[in-house]
Structure formats: C-alpha cells, structure tokens
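These notes concern the structure reproduced below.
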Amino acid sequence: MNYLNNDFFLRYILILFLFIFLFNLVYGSVFDYYPSSISLSPVSPPIILQSSDYPFSCIGLSRTYRGAVTYTDFEALPSGWTSYGGTWSIVSSGYKGNALQGTDDNKGLGSASQYYYNTDLSSYTSLWVSVKTRLVSGSGYYGISLINSRINRMYTIEIYTGGYLVVRSYNVEKKDAWYTLSSTSIQYYSSSNWYIIVVNYTVTSSAVNFYVWVYDVSGNQVASLTASSTVRERFTPSYIGVDVNDVTALFDDFMISNTDPRIITISNLPGSGYVVEVYDNLNNLVSTATSTGSTVSVNIVSDIVVGTGYDGSFTIRYPNGFPCLGYNVSTTDAILGGDSYRLSYSSVTTNIGSNGTSAVISTYISGSSSSKSHVLTLKIYNNDVKPYYIRLILDASSSISSYLTLNITITTSPSVTADPIRIVGGSVVAGSSGWISLSGGSYAYIYVSGYYTSSGQSSTLNLYLEYCSLSNENGVCVFYPIQMVIKS
C-alpha cells in the first residue's frame, strides 16, 4: 500500500512540473518587458520673423554750419550789388535757370567792367570765392574781381579766351597798369563750355596769397595755380564780384564763403556704407558720396549754389540701398557748398516672439513734414524651398495719432515693393498691403515710411503678417501678430 502511494505521488509531481513548463513555453513571452522610447523634433515654421540688419531709424537733418557770407544764383539782380562800368542784366540762358550777363564797355576799373557785392569785407583776412561762368562773345578775360576799399586797385582771377587761367593785378604791382601774377593753361578749353572758378585768398603780414582751381561742370579739375602779391601796394580785398574785360560773359552760382565751398559735410551717420545723395530743386541728382565712417563729405563743386538757389533735398540710404531719410530744404533756403549737416537717428527696439512667429517693435520717426523717415523694421525669411505669398493687414484695434502720415509695406528690394498700407493725417486710407511673392530661402522686409507733423506723438499699430501657400489667399494661410509702437 505504501509503495502504491509513493508511486502515485511521484507521478503527480512529474505531471505538475510538465504543466508548468508547457505553460511558460506557450504564454511566458506575454509577460516579458522590453523598454522603448520616441524622439520628437519640432519643425520650424516656413516663414520666420527676424530683426533688421540695420536697427536704426533716421529722423532728420539739421544744418550745423553755414560758411557762406553771401551767395546768389542770379535768378534776378541781387540786392546790395553795384556795377562799375559795363552793361549787366539777367538772361534766361543760365546753367540752371537764369544767369547774370555782363558786357564790357571799358568804363570800369582797369578799362574793364565790374559787378560786385557792395559790402566791405576787409575784416576777413581769408575768404573763398566761387562762380560758374561761360563766354558769350569777344576775346579777353572773364571771372572774379577783388577790389580795394578805395576802388582804385584790383586783383582778378579770370579765364582768358586763349585757354588760360590767369591771376592779374591792376594798379598794384604796376601803377595804373595790369600785371600778370600767374597763369596756366586750361585742359581742353572750349569757349562754349561753362567753367567753375574757385579761389581761396589769404592775407598775411607779407603777402596776399591766391590758391585757384578751375573745374568743368562734371566736377573735373582742369586747371590750378597759386600766386602771391608781395609789393607795398598790396591790399586786403574789400569788394568782391565778377569782371568782364573786352568780352560778354555769363555768370551763375556765385558765392563768397569763409569755408571751402566745394564740399558739403554730413556728420553723425550710424557708420560706414551709408550713401548721401544731394538733389536740386529740379529733382536732378547733383552729387553722391558713401561714408567710410560717421562723417562723409559730398563733392558739390559742379553746382555750388545748388539748383536755382533755393529748395533742394537730401536722401540718405542704408548700405543695402534702401532710403533711410528724405529731407527737403525750405523754399526760403538753399543747399550751398560749405554747409555742414548733422543726422539725427534712433535705435529700433525689436522683440521677436517664440519660433519667430510674432514681434513687437518700437521706433522713432520724424516729427516734421520736411523729413520723411524710412525704417527697415523687420526681416522676413522664407525657411522653405517653395515660395509663399505674403501681405500685411492693419487691425482696427490700432491707436493712431491724427498727426501721423505713414506707409507700411513689404519689399524685397528698393525696386520691388508691394502697394502699402496707407495712413494720412491719422486716417487709414488703405488697410492692407498688396501681395508679394517670397521665394524659398530669400528675405523680404517690412518697410515703414512717413512722419509726424508734430513732435511728442505716439501710435500703436496692430498688424498681421499673412502668408499663404497659394496667391490671393488660396491654399493654406497663416497669420502672425506684429505690434509697432511708432513715436516722434
């Protein structure tokens, strides 16, 4: 009996172990644990807002120095002038506009004829004199005259119709006679050409020294010389004007100055690469220069009294060619050689939101209609390979000063610009910009242009940048909020 029981027990144990083994073999893998992980990388949006390359807003120009003692463009006979011999009149055949025409009648000093500024300038021991002149007829001399206080002695700096620049004296080196102090040939002289004569004279205890240059109307120097008068009869010039000797000649752009009239200086630029352009009142580009630092000199010798002697304008451009400032000179003023100006500008504060999909911008612009500020406020980058179509929308929640006139647009270059959002006198004339296509991997700018007519103003413009996968709001469109705070 015990044997049977032991045999049964052993068989029971063997069957139990076999069951457990088969169960684990079939179902054991269900309970195995295999650890795993998933890595998620965020995808950048295709359109990204970035800070401007040039975070400066140009606000205005102010003239800091004027060297001109007197000037005239001879649009009319100037007040305070007088003649000594000759026939003098205003004619319409000036370099720009009218000109002074003088014809010699041998009744002035030295049997020539003078027309001069009738104010005694003998308190100046150094002055610059410049004039643009052209021969009409005759064979002789035409140019600048420097006369003493008794009006019986004279220096002249003139062009001789044989093609020479000549400095002469009358009744100084020789009693009651002409004397040539210095002369030189004028390159490629033509009697039909306009020429610019620029003179700097200095009076010392032992001499009257003359430094003279002649330019063509393109600004090319065609002659120069120096001369000195050292005799006892030398004098400090009192009356300065123009002279004709045996000829009829035209005169334009006359100036007497205590500084070099061949340049205009602009200071306080943000840095190198900024371009300054000078325009006359006829909207002709007169001259341009690019800064290599914070100050630039613009060569203005071709038109020292710019245009017809009033008005005119400046454009200052960012290094990438976009305008930064447009400044108009008053119609009661002029742009003159020897002027110095100072640029006013302000930093643009930009806060870009998460992933470059929003922005808050704060900037100052001009507080006067004589200056128009242009600001490259934001850069828009297409991070995709395909093009997108973008525009700006002005939200009705914006707070706009009634003194504000402003355009806001999108541009890819100075010549490719969408129609702007337009605000005139605080009123919204156009609430959205035109569309512009932005190619993959390229940039556009949000470009602001305008001014306040009063200082101390502020406006908050709530905008949306809309971009779409297809033109004219077709396809998928996305909106980015942009807030601009613009002050004066």
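Compared with the direct C-alpha span, the chain from A396 to N462 gains 23.0 nm at full extension, assuming 0.36 nm per residue. Relative to the longest principal axis of the Cα atoms of the chain, the long axis of helix 2-27 makes an angle of roughly 20 degrees. What residues from region 111-145 fall in the zone where the backbone N is under 15 Å from a label point 7 Å along the Cα-to-C-beta line of T82? Residues 114-122 qualify, since their backbone N sits under 15 Å from the label point.
What net charge is computed for the residues neighbouring T460, neighbours being all others with C-beta under 15 Å from the C-beta of T460, Lys and Arg scored +1, Asp and Glu -1?
Summing Lys and Arg as +1 and Asp and Glu as -1 gives 0.
Take 98-107, 282-291 and order them by the average number of nearby Cβ atoms within 10 Å per residue, most first; the result is 98-107, 282-291. Sum -39500 (n - 2.57) across every DSSP H segment of at least 4 residues in the chain, then divide by the residue count to get the 222 nm mean residue ellipticity, nearest 500. Helices in the chain give a 222 nm mean residue ellipticity of -2000 deg cm²/dmol. Sorting the segments 256-264, 147-155 by their mean number of nearby beta carbons within 10 angstrom, highest to lowest, gives 256-264, 147-155.
Placing unit charges on each Cβ (+1 for Lys and Arg, -1 for Asp and Glu) gives the chain a dipole about its Cα centre, and among V247, Q50, P270 the Cα reaching farthest toward its positive end belongs to P270. Maximal additional length on extending the K174-S139 stretch stands at 10.3 nm, based on 0.36 nm per residue less the C-alpha distance. If you count Lys pairs in the chain whose Cα atoms are under 23 Å apart, skipping same-chain pairs closer than 8 places in sequence, the total is 5.
Annotation for N299 and Q483: the two label points, set 7 Å from Cα along the Cα-Cβ direction, are 5.1 nm apart.
Between S370 and S228, the simple label model (points 7 Å from Cα in the Cβ direction) yields a spacing of 4.5 nm. Highest mean packing first, where packing is the average number of other Cβ atoms within 10 Å per residue, the peptides 320-326, 167-173, 300-306, 468-474 line up as 300-306, 167-173, 320-326, 468-474. Using the Cβ-Cβ distance between S454 and Q221 with R0 = 56 Å, the FRET efficiency computed as 1/(1 + (r/R0)^6) comes to roughly 0.75. Net charge within 10 Å of D311 by Cβ-Cβ distance, Lys/Arg positive one each and Asp/Glu negative one each, not counting D311 itself? Taking every other residue near D311 into account, the sum is -2. Assuming a viscosity of 1.306 mPa s and a temperature of 10 °C, what translational diffusion coefficient in µm² per second does Stokes-Einstein assign to region 365-440, Rh being the Kirkwood radius over Cα pairs? Rounded to a whole number, D works out at 115 µm²/s.
Annotation: for a label point projected 7 angstrom from Cα along Cα→Cβ of N258, residues of region 107-146 with backbone N closer than 14 Å are 121-128.
Solvent-accessible area of V348, all protein chains in place: 20 Å² (probe radius 1.4 Å, heavy atoms, ligands and nucleic acids excluded). In the set [x] -0.36; [y] -0.28; [z] -0.45, the label that goes with log10 I(q)/I(0) by the Debye sum over Cα atoms at q = 0.06 Å⁻¹ computed for this structure is [z].
Pop the C-beta distance of Q50 and N284 into the FRET formula with R0 = 41 Å and round what comes out to the nearest 0.05.
The pair Q50/N284 has a calculated efficiency of 0.60.
The values are calculated or read from the model by the stated rules, or taken from the named source; none is laboratory data. Model, not experiment: these values are computed from the prediction. Here Cβ is always computed from backbone atoms with ideal geometry, including for glycine, and neighbour counts include all displayed protein chains. Note: accessible area is taken over every heavy atom of the protein model, side chains too, but ligands, DNA and RNA are not part of it. Shrake-Rupley method; radii C 1.70, N 1.55, O 1.52, S 1.80 Å.
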